[in-house]
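What follows is a set of notes on a single structure, which appears directly below.
The values are calculated or read from the model by the stated rules, or taken from the named source; none is laboratory data. For clarity, every value in this text was computed on a predicted model and none was experimentally measured. Here Cβ is always computed from backbone atoms with ideal geometry, including for glycine, and neighbour counts include all displayed protein chains. Ligands, DNA and RNA are stripped out before the accessible areas are found, and what is left, the full protein with its side chains, is counted by its heavy atoms. Shrake-Rupley method; radii C 1.70, N 1.55, O 1.52, S 1.80 Å.
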Amino acid sequence: MNAVMTQAVASDPIQRFDASRRRNAESAYNRNVQYNGQNQKTVEDLEALLIGKKEPEIVQPERQELQKFGAGQMKQVALPVGKTLEETIDIWRNVRAEAISEPEPTTADYNLAATASAKIMRTEAQIILHNRAQSEIDIALAREEADTSNMASKELPSVLEREILIMQRRYEKAISTYSFQVLMKQKGFEIDRPSFYKIA
């Protein structure tokens, strides 16, 4: 009887462990199937576009006209964007001029004019940053070309000059090493410590 009870008690954690492993495996399988199913649909759509079986959907934002509502409120305006930044600035200047050109501008008109002014300033700042970055790139390229031409125009030292230069460097290194050794001998080969160590 004790052997049967021991077997029942010992097998219970093992059965629970096996059951939890099965549940984890099933949930992982279901997540994998769901993930791959969504990816398969996307891959099939891309294949159809590449092969030419399906035409790409062209989504063009519609430009919304200003519509006045009650109490001087206006509908949200799609941001006018030109092909270039300068064209965008001109469009925003026109929007600002139209907003203020009415005989009695409302609060919404002033808000639209302020938004247009902010967009103009932001776009002009983008142009300035772009021009500055481009000029820095041009300057760097010019410096690199100048350095390259200077390196090409320099004459290489002769063998005798090179040997003299190497000998001078050896003497300088030997003198610095010797002076360091003399200094260390004078201090008793101790490491210099900061002054606060001497105080304490």
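Take the alpha carbon gyration tensor of region 91-200, find the square roots of its eigenvalues, order them as a ≥ b ≥ c, and report rounded if a/c is under 1.5; if not, report prolate when a/b exceeds b/c, else oblate.
Cα axes put region 91-200 in the oblate bin.
Would you mind counting up the charge near residue 163? Only other residues with Cβ under 12 Å from its Cβ, with Lys and Arg at +1 and Asp and Glu at -1.
Within the 12 Å Cβ shell, the charges total +2.
Find the Cα radius of gyration of region 82-143, compare it with 2.2 N^0.38 Å by division, and give the number to two decimals.
The reported ratio for this selection is 1.55.
State the extension gain, in nm to one decimal, for the chain segment bounded by residue 106 and residue 136, taking 0.36 nm per residue of separation less the distance between their alpha-carbons.
Taking 0.36 nm per residue and subtracting the Cα distance, the gain is 6.3 nm.
Once the whole set of protein chains is in place, how much accessible area is left on residue 12, using a 1.4 Å probe, in Å² to the nearest 10?
70 Å²
What FRET efficiency, computed as 1/(1 + (r/R0)^6) with R0 = 25 Å and r the Cβ-Cβ distance, is obtained for residue 124 and residue 98, rounded to the nearest 0.05?
According to the calculation, E is roughly 0.80.
Would you work out which of 150, 174, 134 lies farthest towards the positive end of the dipole of region 126-175? Charges go on Cβ: Lys and Arg +1, Asp and Glu -1.
Farthest along the dipole direction, towards plus: 174.
With label points built 7 Å along Cα→Cβ from the Cα atoms of residue 160 and residue 190, find their separation and express it in nm.
Result for the modelled spin labels: 5.3 nm.
So which trypsin sites (Lys or Arg not before Pro) in region 75-167 are both in a DSSP loop and have at most 15 other Cβ atoms within 10 Å of their Cβ?
Sparse-neighbourhood loop trypsin sites (Lys or Arg not before Pro): 75, 83, 154.
Compute, for region 83-200, the length of the dipole vector about the Cα centre, with Cβ point charges of +1 (Lys, Arg) and -1 (Asp, Glu) only. Units Debye, rounded to 20.
The dipole magnitude comes to about 1240 debye.
In whole Å, how far is the Cα centre of region 129-176 from that of region 86-123?
Distance between centres, Cα-based: 54 Å.
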